[in-house]
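What follows is one structure encoded as structure tokens, with my remarks underneath.
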Amino acid sequence: MFLTANGTPEKLGVTYTSKGANFCIYSRLAEGVELLFFDHKDDVSASYIFTLSAIDNRTAYYWHIFIEDVQPGQLYGFRVDGPYRPYEGMAFAPEKVLLDPYGLLVERGENFSRNAALGRGSNLDKCLKSVVVDIDDYDWQGDQHPRHSFYKTVIYEMHVGGFTRHQSAKIAKNKRGTYAGLIEKIPYLKELGITAVELMPVHQFDPSEHHAGLTNYWGYSPLSFFAVHREYSSDKSRLGPINEFRKMVKALHAADIEVILDVVYNHTAEGGEGGPTFSLRGFDNRDYYMLSKDNLHYMNFSGCGNTLNGTHSVVRRMIIDSLHFWVEKMHVDGFRFDLASILSRDELGIPMLSPPTLFSIDTDPILSPVKLIAEAWDAGGLYQVGSLAGQRWREWNGHFRDDVRRFVRGDKGMVSDFVNRLIGSPDIYGEHNFEPEKSVNFITCHDGFTLNDLVSYNRKHNLPNGENNRDGCDHNFSWNHGVEGETDDPKIVQLRTQQMKNMLTITLISLGTPMILMGDEIGHSQKGNNNGYCQDNPKFWFDWSKIKKNRGLFNFTKALIKQRTEIYLNASCRYSLHDIIQQSGIVWHGVKVNQPDWSEESHAIAMESKDPHSSVVSYVICNAFWQALNFELPKSTSGKWQRIVDTSLADGNDIYNNGDKKQWFSNEYLVAPRSVVILIG
């Protein structure tokens, strides 16, 4: 028998103490609240039901109760009664067991049913359950954040499950696809040389969510903004996942690697009209979600059925509280905000000039040391690359992705746009004294073709997703180089590899913050599927056997990253993008010195510049033309140029490593078709 007290509204969620736990939720229009305890994740009925009094257990919009002798691991949920008037935006479902919006873990029993959360009936025997956690019961053992500056950062976007789930990972079966499995592969990440991992969603999501009977692989549909995803844990105990995640963070920090989380504060797993009621909808539908003017429909700027009402004060606080939790209690180093532009919209969906949520995040003191990265667009057509509110945000630069792809492919009229991307996109970021790292430069990410598929397919091949190939982007700017998909033709294989090296080189030498996609360094392919959100299978997992098969590409990528990090190793001065371009003394050349070709038919450009951090003079030649071009070389201070990179050369000769024999050139350099050359003077 549990003894109870009124509790307090001071902190949402569960506040655990040695005497018991305080439970507090927000529900402005609720008429009654029940707190349910369960003993086992598969229980079909509650072991205790606490009925909260509207007099003793309510303060303004907050319902609260203190229960003595509650222990960590206690399973619980809420049932909330209130008006069901859809035409007013109210969708209370008193029969539904709801997850705590601030719950720190979620248990999903074998009897869980997503369908049971639909409609108006009870889901008591098939519900998800929140877990009481003593969040301070963990020894961080002096863990320290690496705190890499953006200009020293190389980001590796990765999927926790997909990274080690393949049998070729050669780790214990119970650790495959887990936080523990990732720990075992940290030596690989160190060898590659990246400085930060950007983890695709690790907030708890429902793997069973997919209309075609497949699975939710990517996880961009959160059930909770506080709970770590249980299915990525090898520790299957009730409280195990939260500490295994922290052990992973601690191990990555010990290896000097930062942890950035891909967070989805724009929609939830509850979907649109007719979707399941798991949590927020049952607490206060009208406050948590953006609704149409008639309140009958959910605005869908996320493309996933609903849109979180991020401007509402309660939702804004929930987002900030979630970010604080992951920084203070889980020690993460940054966040990438999925569809961040949604947080620019007001409660009617109209974009605002001064969006309070984005500015609150930008100026928050607890978040001031962490990295903030935005996907500065949404599914409703709002595109804010270069104009997202707030100074600290870095942005995924979609222009970089598209313009580099088109230039490398050989499209006409791309030289001018390409050079803008090469030097930090001053046409986008140059007028506001932004740092060059404002632009997160990437060619590929989880959403779209892998690098190998980008050079192997002209069109997407998404039929396995069960949507008749309608899903996924149709504008990929890809080129198969003569054969759609895999081929044994050695000339095509060689050219594809060369093109992958071209794009990796451009990404890692351009001004900005580079990001590469997990597996691109070993030529990973998804067989032309550019939307693998539902494909949790070996074709989409990291295949460790390909490291040996594609060792040349891996070594090339590793050497590129090493060269970049060595350039910035001792850099301490901070320049704006405008200043660094000015101090670099950039001079553009064509095949003739000082005669760049900016015409529609041009496919080649050369850049001479001086690194302000090291005073090293470099000469970068990018030839997207299908014929070799003989480039005159300007005079260097030493009278000759050393070759650092030539993507057309065979493995081992394509990039200079310390100890290699130096190759020198004086007057000219014959640049192979579709290749990138880097010389230093």
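The values are calculated or read from the model by the stated rules, or taken from the named source; none is laboratory data. Computed from a prediction, not measured in an experiment: that's the story for all the values here. Here Cβ is always computed from backbone atoms with ideal geometry, including for glycine, and neighbour counts include all displayed protein chains. Ligands, DNA and RNA are stripped out before the accessible areas are found, and what is left, the full protein with its side chains, is counted by its heavy atoms. Shrake-Rupley method; radii C 1.70, N 1.55, O 1.52, S 1.80 Å.
Here is how the numbers come out for the structure above:
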item	result
Among the candidates L388, L353, L372, residue that is part of a loop (DSSP other than H, G, I, E, B) and surrounded by 19 or more Cβ atoms within 10 Å (Cβ to Cβ)	L388
Residue ID - farthest from V440 (Cα to Cα), chosen from residues in segment 148-197 that are over 18 Å from the mean Cα position of the chain (by Cα) and of a type in the set (A, V, I, L, M, F, W, C)	A172
Sole residue being assigned to a helix (DSSP H, G or I), open to solvent by less than 40 Å² (accessible area, probe 1.4 Å) and either farther than 30 Å from D206 by Cβ or aliphatic (A, V, I, L, M) (or both), chosen from E521, E608	E521
Selection within segment 524-576 - among the hydrophobic types (A, V, I, L, M, F, W, C) and either part of a loop (DSSP other than H, G, I, E, B) or within 30 Å of E209 (Cα to Cα) (or both)	C534, F540, W541, F542, W544, L569, A571, C573
Some residue of segment 633-643 being within 18 Å of L422 (Cβ to Cβ), charged (D, E, K, R) and either in contact with a strand residue (DSSP E or B) (Cβ under 9 Å, 6 or more places away or on another chain) or modelled with pLDDT of 95 or more (or both)	no
Pair list, Cβ < 9 Å and 6+ apart or interchain, from segment 655-679 residues that are under 14 Å from Y619 (Cα atoms) to residues that are assigned to a strand (DSSP E or B) and among the small types (G, A, S)	V671/A604; V671/A606; V677/A606; I678/S618; L679/S618
Conditions (1) assigned to a loop (DSSP other than H, G, I, E, B); (2) open to solvent by 30 Å² or more (accessible area, probe 1.4 Å); (3) closer than 30 Å to Q141 by Cβ; number of the one not met by D321	(1)
Neighbours by Cβ (under 8 Å, 6+ apart or cross-chain): first from segment 581-598, farther than 12 Å from E632 by Cβ; second of a type in the set (F, W, Y) and not in a strand (DSSP E or B)	Q583/Y575
Only one of S648, S638 that is crowded, with 21+ Cβ neighbours inside 10 Å and assigned to a loop (DSSP other than H, G, I, E, B)	S648
Only listed residue being at positive phi and not hydroxyl-bearing (S, T, Y), chosen from D56, D100, D69	D69
Where a residue in segment 197-212 is outside any loop (DSSP other than H, G, I, E, B) and its partner, wherever it lies, is of a type in the set (D, E, K, R), with Cβ under 7 Å and at least six apart	E198/E157; E198/D262; E198/R336; L199/D262
In segment 9-20, the residues that are farther than 20 Å from M318 by Cα and in a strand (DSSP E or B)	T17, G20
Of all residues in segment 103-134 being under 19 Å from W326 (Cβ atoms) and in contact with a helix residue (DSSP H, G or I) (Cβ under 8 Å, 6 or more places away or on another chain), the one that is surrounded by the fewest Cβ atoms within 10 Å (Cβ to Cβ)	V133
Any chance G73 is of a type outside the set (S, T, Y), crowded, with 23+ Cβ neighbours inside 10 Å and either part of a loop (DSSP other than H, G, I, E, B) or in contact (Cβ under 8 Å) with a residue 24 or more places away in the chain (or both)	no
Unmet criterion (only one of (1) open to solvent by 30 Å² or more (accessible area, probe 1.4 Å); (2) assigned to a loop (DSSP other than H, G, I, E, B); (3) not small (G, A, S)) for D143	(1)
Test: residue in segment 328-349 that is out of contact with any strand residue (DSSP E or B) (no Cβ under 9 Å at 6 or more places or on another chain), over 16 Å from N441 (Cβ atoms) and not in a loop (DSSP other than H, G, I, E, B)	yes
Long-range neighbours under 7 Å by Cβ, at least six apart or interchain, first residue in contact (Cβ under 8 Å) with a residue 40 or more places away in the chain within segment 77-103, second part of a helix (DSSP H, G or I) and of a type in the set (G, A, S)	V80/G282; F92/G282; A93/G282; K96/A117; K96/G282; L98/G282
Per-region count, segment 509-525, residues closer than 19 Å to R551 by Cα and touching a residue at least 60 places away in the same chain (Cβ under 8 Å)	9
From Y84, Y62, Y26, Y16, residue being loosely packed, with under 15 Cβ neighbours inside 10 Å and either at positive phi or of a type in the set (F, W, Y) (or both)	Y84
Strands (runs of 3 or more DSSP E) contained entirely in segment 24-70, each with at least 2 residues that are over 13 Å from T8 (Cα atoms) and in contact with an Asp or Glu (Cβ under 8 Å, 6 or more places away or on another chain)	32-38, 48-52
Selected residue [in contact with a Phe, Trp or Tyr (Cβ under 8 Å, 6 or more places away or on another chain) and within 30 Å of G89 (Cβ to Cβ)] from L348, L343, L372	L343
Within segment 163-185, tally of residues that are among the hydrophobic types (A, V, I, L, M, F, W, C) and not in a helix (DSSP H, G or I)	2
Lone qualifier among K460, K438, K491 - being among the charged types (D, E, K, R) and touching a helix residue (DSSP H, G or I) at 6+ places or on another chain (Cβ under 8 Å)	K438
Single match in I366, I361, I423 (criterion: open to solvent by less than 10 Å² (accessible area, probe 1.4 Å) and either more than 17 Å from the chain's Cα centre (by Cα) or at pLDDT below 95 (or both))	I361
Residues of segment 259-304 classified as farther than 30 Å from T153 by Cβ and open to solvent by 20 Å² or more (accessible area, probe 1.4 Å), total	12
